[in-house]
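Everything below concerns the one structure shown next.
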Protein chains: 2
Amino acid sequence: MENQFPEEKFSTQYRNIPVSFVRSILNAIGQQKMISFAGGLPNPSLFPVGELAESTRAVMAAHGGTVLQYAGSMGYYPLREWIANRYSAKYGMSITPEMVLITNGSQQAIDVISKLFINPGDGVILEKPSYLGAIQAMSAYLPDFREVDLEEDGANLAQIEELFLDEDIKLMYAVTNAQNPSGISYSAEKRKDLAMLLRKYNQFLLEDDPYNEICFDGEFPAPVKKFAPDHVAWTGSFSKMVAPGLRNGWVVLPPALVPHFDKVKQATDLHPNNLTQYVLHHYLVHNDLDEHLQRIRTKYAGMAECMVEMLKRYLPDEVHITQPTGGMFIWLTLPEGLRADELIHRTMERGVIFVPGNSFYTKGQGSNHIRLNFTNAEPDDIQKGVAIMAEEMKKLLCAV
Amino acid sequence: MENQFPEEKFSTQYRNIPVSFVRSILNAIGQQKMISFAGGLPNPSLFPVGELAESTRAVMAAHGGTVLQYAGSMGYYPLREWIANRYSAKYGMSITPEMVLITNGSQQAIDVISKLFINPGDGVILEKPSYLGAIQAMSAYLPDFREVDLEEDGANLAQIEELFLDEDIKLMYAVTNAQNPSGISYSAEKRKDLAMLLRKYNQFLLEDDPYNEICFDGEFPAPVKKFAPDHVAWTGSFSKMVAPGLRNGWVVLPPALVPHFDKVKQATDLHPNNLTQYVLHHYLVHNDLDEHLQRIRTKYAGMAECMVEMLKRYLPDEVHITQPTGGMFIWLTLPEGLRADELIHRTMERGVIFVPGNSFYTKGQGSNHIRLNFTNAEPDDIQKGVAIMAEEMKKLLCAV
């Protein structure tokens with residue numbers, strides 16, 4: 001077993017998890033300095049470091065013995081209460097703390113829901129493109145992914161209804177706000193219409209919503225959850241609104257689903273991190289979160305604008321740019337004949353990386369797309385990186 | 001879907017996860033005050049609250065931006081290095097940081113290894129009794145559990161070899177030090193012999209070792225891992241040696257298994273909590289851990305002795321008491337005709353709870369056993385609780 005582990009030991013479910021392109025590319029470049037539009041990191045200059053340090057001090061002083069002990073698997077009640085209150089008020093919903101469970105980022109909610117619902121071969125509807133982390137988490141439960149088109153205002157409802165009607169569908173997964181990778185948000189109408197379909201066909205949606213608070217222009221419309229509360233698990237995350245290193249997110253569940261979700265979660269890792277839950281709660285009740293969020297939105301909107309401007313200035317006219325209204329990504333559609341997976345080999349040699357679109361599809365499509373992250377590069381690097389991408393695109397287009 | 005979630009939505013794997021007796025009993029008693037020997041909590045008076053508060057302050061001051069950002073899925077390298085160095089030195093092993101991955105307690109390592117190895121129907125060897133948390137985590141992957149007897153010096157090797165020879169076994173799971181629930185530790189010889197069997201039959205062991213540092217009388221012998229490094233995943237945990245609320249444990253893997261384990265873990269929840277990893281590392285390098293561990297050992301040894309003394313004083317002579325050499329539990333074997341699941345209904349009414357043995361078996365056995373936790377009750381409560389258990393045992397014995 002020295003260099004290679006005997007493959008026959010591994011489960012079918014494991015073999016089904018796709019390799020992360022981002023990860024393999026990061027391994028390939030090692031410690032080399034790159035202009036990276038590939039990651040999905042919040043900008044660390046916006047982390048409330050001082051405030052969280054103070055919250056950490058206060059929590060350890062007041063609750064040291066409690067936060068260090070084992071705790072409930074559902075999460076710290078006051079934090080669940082804070083989440084319930086904020087989102088009830090924000091969207092006129094009736095969320096109780098009992099419906100809210102704390103998870104290790106919203107990623108863990110995807111794993112738990114998948115374990116709870118998916119038998120091998122079960123139909124799972126994905127947007128095309130979809131979030132890579134969800135594809136990876138769900139793949140471990142051997143679903144039959146069914147993809148529907150993602151349009152400018154959300155997923156294609158006719159295709160969804162056809163699948164609900166004709167196929168054995170267990171679950172739909174969607175990111176309704178500032179989707180990773182496309183940046184697309186569902187229109188208010190489409191949210192209501194999707195909710196109606198869920199109720200009509202008694203189907204279940206995992207509405208993954210980590211970018212809920214990162215809307216450049218005010219607020220995103222109310223979630224699908226509001227219009228079909230018993231048919232939706234709605235996730236949220238502190239990763240983008242406060243800091244990802246604390247690894248705390250949440251899910252709002254139909255009450256009847258709570259004990260089942262909790263049982264799965266408990267079997268996975270007992271309970272969420274107790275210290276960081278207390279710290280987050282202390283931070284949230286002692287600081288002006290909305291002021292903090294406004295700083296993030298203003299900064300990210302500026303960075304997105306800067307990148308869009310550079311893209312328009314340098315890229316060939318045939319490249320379609322999806323203008324983001326929030327979140328952290330810009331989505332490019334390349335003209336016929338230009339393949340993102342060819343392009344990246346050339347830009348990598350010149351020190352620029354991004355994520356080719358096929359990472360976000362389950363059937364090998366998407367090579368004419370590119371995901372760009374705009375929250376972690378300085379304007380000079382954006383200009384330099386986009387210019388290099390443009391030059392290499394033009395060379396490839398000439399060769400077509 | 002209002003009160004009950006439609007059962008047909010749930011996966012087969014979910015339905016296979018057994019209910020936790022401890023949890024259902026805790027739900028039943030609600031907020032009622034009980035003398036509890038049922039839990040598995042470290043004694044909070046031993047948490048190094050002041051030291052961890054100082055470490056938290058220092059980490060936030062020096063590395064605030066870094067600890068709050070997304071981080072590597074394998075864990076914080078200096079912490080992995082600290083673990084590799086400590087256990088290499090302790091047991092004369094050659095562990096490198098690259099073999100060590102940080103998990104959410106050792107519980108997550110059980111889930112990840114299970115996802116990586118177990119296909120539905122695969123044979124998994126368990127000790128009889130076995131750790132409930134492992135039974136729950138593994139059950140979600142639909143294994144065929146094969147139980148072997150746990151003797152005073154570890155699992156029955158002849159039974160293991162027979163299974164290795166005759167059956168389609170994918171994995172063995174064992175707690176080799178101060179097992180939960182039995183308190184049993186493997187002898188030095190049995191560790192070597194089990195390692196030999198693993199190598200001979202090319203089998204794989206998950207050696208779960210959360211109580212490694214809680215040996216009352218010096219140190220436990222070297223782990224099975226030492227004698228079959230390529231055939232064992234060896235877990236550890238900071239829950240018992242520092243504090244469980246930080247939710248950080250680790251696993252030492254054969255190098256060839258590392259990228260596979262990491263891929264599964266990443267798909268589950270991206271990466272371990274960054275803040276608490278830094279805090280633990282700072283605490284470990286700035287404090288005298290061995291002095292701290294000595295305080296835990298002395299305290300727990302005293303509490304175990306107190307409980308054993310009470311058990312000997314009050315319980316009927318026919319009850320067999322396993323004297324613990326470490327860890328947190330005492331294991332009782334009841335005489336013929338006395339059932340722990342009947343007993344607990346009577347003691348609960350009188351305010352005393354424990355865990356009946358059948359929680360630790362997969363085929364309904366074990367009702368003549370009781371697990372008692374001794375790390376979280378005061379001497380007065382121990383005396384009172386044991387006396388009540390004894391009275392109810394005697395009543396039941398008279399009725400036999």
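Computed from the coordinates by the stated procedures, all read-outs in this text should not be read as laboratory data. This structure is a prediction, so every number in the text was calculated from the model and none was measured. Note that we place each Cβ from the backbone using ideal geometry, even for glycine, and neighbour counts take in every protein chain shown.
Translational diffusion coefficient of chain A (Stokes-Einstein, Kirkwood radius from Cα pairs, 10 °C, 1.306 mPa s): 72 µm²/s. Placing unit charges on the Cβ atoms only, positive for Lys and Arg and negative for Asp and Glu, gives the stretch A:70-286 a dipole magnitude near 820 debye about its Cα centre. Inter-copy label distances at residue A:85, shortest first and taken from points set 7 Å along Cα to Cβ: 4.6 nm. Summed over all non-identical Cα pairs, the Kirkwood treatment of the stretch A:70-286 gives a radius of 17.3 Å. Mean partner shielding of peptide A:258-268, defined as the number of other chain Cβ atoms within 10 Å of each residue Cβ, is 6. Ascending distances from the residue B:398 label point to its copies in the other chains, with the point 7 Å along the Cα-to-beta-carbon line: 10.2 nm. Computed over all pairs of different Cα atoms, the Kirkwood value for the hydrodynamic radius of the stretch B:307-362 is 12.5 Å.
As a proxy for reagent exposure, A:292, B:286, B:271 were ordered by neighbouring Cβ count within 10 angstrom, fewest first; the result is B:286, A:292, B:271.
Residue exposure proxy: A:146, B:199, ordered by other Cβ atoms within 10 angstrom of their Cβ from fewest to most, comes out as B:199, A:146. Computed from the C-beta positions of residue A:290 and residue A:350, the FRET efficiency with R₀ = 41 Å rounds to 0.45. Over the stretch B:272-400, the Kirkwood radius and the radius of gyration, each from Cα atoms, give a ratio Rg/Rh of 1.10. Taking the label point 7 Å along Cα→Cβ, residue B:50 and its counterparts in the other copies are spaced 2.9 nm apart, in ascending order. Candidates A:210, A:286, A:222 compared by Cα position along the dipole of chain A: farthest toward the positive end lies A:286, with charges placed on Cβ.
Give the average, rounded to an integer, of partner chain Cβ atoms located within 10 angstrom of each Cβ in A:116-122. Kindly include the intermediate steps, with their values, before the conclusion.
Numbers: counts 9, 5, 5, 5, 4, 0, 2.
Per residue, the average neighbour count from other chains is 4.
Each Lys and Arg Cβ is given +1 and each Asp and Glu Cβ -1; about its Cα centre, chain A then shows a dipole of about 680 debye. If you run the Gaussian network model on chain A, springs between alpha carbon atoms under 10 Å, then out of A:331, A:250, A:82 the most flexible one is A:82. Couplings 3J(HN,Hα) for the stretch B:118-132, derived from phi with the Karplus relation 6.51 cos²θ - 1.76 cosθ + 1.60 (θ = phi - 60°), are 8, 8, x, x, 5, x, 10, 7, 10, 6, 10, x, 9, 5, 4 Hz, where x marks Gly and Pro.
A Förster distance of 25 Å, applied to the separation of the beta-carbon atoms of residue A:12 and residue A:149, puts the FRET efficiency at 0.25. Taking the DSSP beta bridges with both ends in chain B, the antiparallel portion is around 55 percent.
Remark: the stretch A:24-123 projects, on average over all directions, an area of 11.8 nm² (convex hull of Cα atoms).
Exceeding 24 Å between C-alpha atoms, which entries from my cross-link table qualify? They are B:192/B:363; A:312/A:394; B:190/B:226; A:225/B:9; A:200/A:240; B:200/B:225. In this structure, B:192/B:363; A:200/A:240 exceed 24 Å between Cα atoms. Computed over the protein assembly as shown, the P(r) curve from all C-alpha pair distances, binned at 20 Å from the origin, holds 16, 48, 30, 6, 0 percent per bin. Axis of helix A:157-166 versus longest Cα principal axis of chain A: the two differ by about 70°, to the nearest ten degrees.
About the centre of its Cα atoms, the protein assembly as shown shows a dipole size close to 860 debye [charges on the beta carbon of Lys, Arg (+1) and Asp, Glu (-1) only; nearest 20 debye]. Each of the GluC sites (Glu not before Pro) that DSSP puts in a loop and that has at most 14 other Cβ atoms within 10 Å breaks chain B; the longest unbroken stretch is B:3-151.
For the residues B:170, A:9, what sequence is obtained by ranking on other C-beta atoms within 10 Å, fewest first? Present the calculation step by step, with values, prior to reporting the outcome.
Values: B:170 23, A:9 18.
Fewest to most other Cβ atoms nearby, the residues stand as A:9, B:170.
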